[in-house]
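The structure appears right after this line, and notes come after that.
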Amino acid sequence: MVLLRPATCLQLFAVMVVVILTAAPVVAQDRNPELVDRILVIVDEEVILQSDLEREISLYYLEARNTNHEIAEGAATIRQEVLDRLVESKLIIAAARLEQIEISDEAVEREVQGNIDQLVRYYGSADALEQELQRNSMNLADYRKRSRGQLRDQHYMRAVLNRFIRPKVEVRENEVDAWYLDHLDEVPASPDSLILADILIPVEPEEAVQRMVQRKLGLALQMLGEGASFADVAKAHSDGPMASRGGRIGKLKRGDMYSQTLEDAVFSMTAGQTSPPIVSERGVHIMHVDAAAEDSRDVSQIFFPLEITEQDVERARVKAQSIFDRLTAGEAFGAVAVSESADPVSAANGGDLGTFALPDLSPTVQEALQDIGPGGITEPFLTPAGFYIFLVREREYGHQLSLEEVRPQVRQAVESEKLEAELKIYVAGLRKRFVVDLKE
């Protein structure tokens, strides 16, 4: 929901966890010193370095990518805007120190450590975080020092905002009402909610191919049951690309695997465990967890691909169309689902899946359901799992959110605009009180 304007001065007060990627030595320590950083601006006693500016420009582009914000300005304009924001930040810090606003070192240190703990969880271990920092010419001590300075500055800026800016801002109810009416095109609609049932007709290889895979699978399971190592069985029987390496794939995090079924199985196991055969749209897998961390698994697999031909797809299409014809002729969806569907989640329940918000479904399913009303049935459509037919048992259509539903967000948007206006006035006054020495 877009209720706040992006890229405003108020972003100076956002709390972000940032891995600072730029080192900032003043000169290289060799016989012929080479300038690798320089002072761009001095604000009172605060300096802005070239590396500071480059880091903030990188963050600007990163935030734009993460929010799908289209950048229309040229590089020179963005550079000037970012530099202006850095100058404003330093002016506010200078004002805070002049007013003897004190920031607790203990509070800053707790935030620094919290950020480091979060990064350790993200990368899987402290060693992995150190390696990532080293790839960016840093170590943990560097990150801790720079993060400490950045967070302290953010505390100063929030303190100035709360002491000198916020008391001047009052949001009246008529302003909230007017803002909502002026920004109706930015107010989102609640999504459609659907109660769904499905029938899945898988695309399967011919019986001869299935029998061959079953035979290979049986030999592999027999060797494992007799105590052979997983690596030896993979080398002897797996048809996967890593067979010669004992089936070893390596470290995987959530989201790295193409199949949710495989991922759920792998992350439900601990080190040393081997899965039963798992069928995916690509074939049959036996997964082994070599090592386990909180958010990752080192895995190996024995894999038997099931190659799908155009004839296999056509055979499934004909069957799906036949089932669709039976449904449109009046057969009960639930009864047909029980007898024909291959969906392991819903078939036994007459195809019932439950309630979904339309945006939570895959793009392919959303497209198929877009114009289907309550009681409607989709024509068969192909997905990686096979041909699906959906029944929309109930559908509650979305609506544009009313003012009362979004009043807290609208109030925040009005307050933000007023804070921004007051902040501009405040910063203009600071420029008259403090010296801003531009070095370029």
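The values are calculated or read from the model by the stated rules, or taken from the named source; none is laboratory data. Treat the numbers as computed from the prediction; the structure is a model and nothing was measured. Every residue, glycine among them, receives a Cβ derived from its backbone with ideal geometry; neighbour counts consider all protein chains shown.
Annotations
- Matching option when the condition is touching a Pro at 6+ places or on another chain (Cβ under 6 Å), at pLDDT 95 or above and under 21 Å from residue 197 (Cα atoms), among 320, 337, 329, 342: 320
- Every pair of residues 6+ apart whose Cβ atoms lie under 8 Å, when the first sits in the stretch 172-183 and is under 14 Å from residue 418 (Cβ atoms) while the second is of a type in the set (A, V, I, L, M, F, W, C): 175/414; 176/403; 176/410; 176/414; 179/410; 179/413; 179/414
- Scanning the stretch 324-342 for residues that are in a helix (DSSP H, G or I) and over 17 Å from residue 392 (Cβ atoms) yields a total of 6.
- Among the residues of the stretch 201-218, some residue qualifies, meaning at least one is in contact with a Ser or Thr (Cβ under 9 Å, 6 or more places away or on another chain) and under 30 Å from residue 375 (Cβ atoms).
- The stretch 70-83 residues that are farther than 15 Å from residue 40 by Cβ, paired with ones that are at pLDDT 85 or above and loosely packed, with under 14 Cβ neighbours inside 10 Å (beta carbon under 6 Å, 6 or more apart): none
- Screening residue 270 with (1) touching a residue at least 12 places away in the same chain (Cβ under 8 Å); (2) touching a helix residue (DSSP H, G or I) at 6+ places or on another chain (Cβ under 8 Å) gives one miss only, at (2).
- Residue selected from the stretch 351-385 under the condition assigned to a helix (DSSP H, G or I) and under 24 Å from the mean Cα position of the chain (by Cα), by the criterion surrounded by the most Cβ atoms within 10 Å (Cβ to Cβ): 365
- Search result, residues across the stretch 293-316 that are at pLDDT 90 or above and aliphatic (A, V, I, L, M): 299, 302, 313, 316
- Conditions (1) closer than 30 Å to residue 163 by Cβ; (2) aliphatic (A, V, I, L, M); (3) not assigned by TED's automatic domain parsing to the domain that holds residue 164; number of the one not met by residue 353: (1)
- The number of residues in the stretch 285-337 being under 21 Å from residue 271 (Cα atoms) and either surrounded by 15 or more Cβ atoms within 10 Å (Cβ to Cβ) or of a type in the set (Ser, Thr, Tyr) (or both) comes to 15.
- Residue in the stretch 394-433 that is nearest to the chain's Cα centre (by Cα), counting only those that are under 18 Å from residue 43 (Cα atoms) and crowded, with 17+ Cβ neighbours inside 10 Å: 423
- Criterion (assigned to a helix (DSSP H, G or I), out of contact with any Phe, Trp or Tyr (no Cβ under 9 Å at 6 or more places or on another chain) and assigned by TED's automatic domain parsing to the domain that holds residue 47) met by exactly one of 133, 129, 86: 86
- Against the list (1) surrounded by 12 or more Cβ atoms within 10 Å (Cβ to Cβ); (2) under 28 Å from residue 422 (Cα atoms); (3) modelled with pLDDT under 80, the condition residue 70 fails is (1).
- Qualifying residue in the stretch 269-286 (condition: closer than 23 Å to residue 213 by Cβ and among the acidic types (Asp, Glu)): yes
- Selection count, the stretch 248-263, where residues are part of a helix (DSSP H, G or I), surrounded by fewer than 18 Cβ atoms within 10 Å (Cβ to Cβ) and in contact (Cβ under 8 Å) with a residue 12 or more places away in the chain: 1
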